[in-house]
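Here is the structure we will look at.
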Amino acid sequence: MTKRLLQDLGVLPQPTAEHQQLVSYAQPQHWPNQEPPAQPEIEDDDLEDDDLDPDEPLDEPGEEVEASRSEPSDALKAERRKTNQLERELRTIKRQLAQFSKINPDEYERLQEAERQKEQLEREIASRELQLEAAAARKVKAAAKERDEALQDVQNLRKERLLERLFVDADGRAGGDNRGSFFEIFKHQVGGEFRLTKDGAGRDLLEPIDSKGNVLLGDHGNLDAADHIESLRTHPVLSFLFNQRGGLGPATVIAEFDGNGLPTNLQSMSASELYLASYAKKPAGARR
């Protein structure tokens, strides 16, 4: 660009015709009334049979036109349905807005406050109902407990009545002092060995049991309560609760000699032996 500017200003010399290069352009020449060169003909052999599928039907222009017409028609219907749906939703929203525009703000606030008060009242009522239900459940539980205790007391009284009858029939000793009677001692010591039950006729019955709650067995099945009480008459500790039968009572002095004339060793005797020795007759020749 600088070189061209200097040439224009005349500073640099202009190139002469000898130094200029010739530029040639290739351009086809057409003679008048001359036809263009003919294209080579395509023979039938150049067409291969594989290019055409005999089983494939030829496309008919009518079908393409119908398909091109049906596709825009379906799309147009879908667009119309969507537009109609949007218009219906818009009309619904407009109606709702129109209804809201008719509401008085003060009236709306008053209604909201009334609704809040209603919800608060419902919560208080529900809480009160829960409290009442809990209190009623506690009362029912307490009443059921009292009922069970009363039934147990009735059972204990019925059992005590049968024990007292057995004690009397077994010649139990009467009386006592401020610490209790003989029967109370008997009930406290022996009452746990009996269980209240029913006989075949539905009457109350006492059956002897062991420490594990199993029924005691006798010679002919279950042990009878009267037989169990009778066995306690010779008990080394509990025999004092019963009056002795067939005698005037315990001897005032235990025999100093046994039946063989040997001295009696009281320290080597058990409680039951001491008890029996107190009722034994003194042997002949014993000192008084």
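The values are calculated or read from the model by the stated rules, or taken from the named source; none is laboratory data. Please read these numbers as outputs of a predicted model, since none were measured by experiment. For neighbour counting, all protein chains shown are included, and Cβ atoms are generated from backbone atoms with ideal geometry for every residue, glycine included.
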Could you tell me which residue of the stretch 220-243 is farthest from the chain's Cα centre (by Cα), considering only residues that are crowded, with 17+ Cβ neighbours inside 10 Å and assigned to a helix (DSSP H, G or I)? 241
Working carefully through the options 184, 164, 193, 149, find the one that is under 30 Å from residue 209 (Cα atoms), outside the structural domain of residue 230 (by TED's automatic domain parsing) and acidic (Asp, Glu). 149
Those residues that are touching a residue at least 24 places away in the same chain (Cβ under 8 Å) and of a type in the set (D, E, K, R), I need them from the stretch 205-235; list them, please. 230, 233
Only one of 164, 193, 184, 146 that is under 43 Å from the mean Cα position of the chain (by Cα) and closer than 22 Å to residue 233 by Cα: 193
For the stretch 123-180, give me each residue that is within 21 Å of residue 197 (Cβ to Cβ), out of contact with any Gly (no Cβ under 9 Å at 6 or more places or on another chain) and of a type in the set (Lys, Arg). 158, 161, 165
Among residues of the stretch 177-219 being farther than 14 Å from residue 167 by Cβ and of a type in the set (A, V, I, L, M), the residue surrounded by the fewest Cβ atoms within 10 Å (Cβ to Cβ) is 201
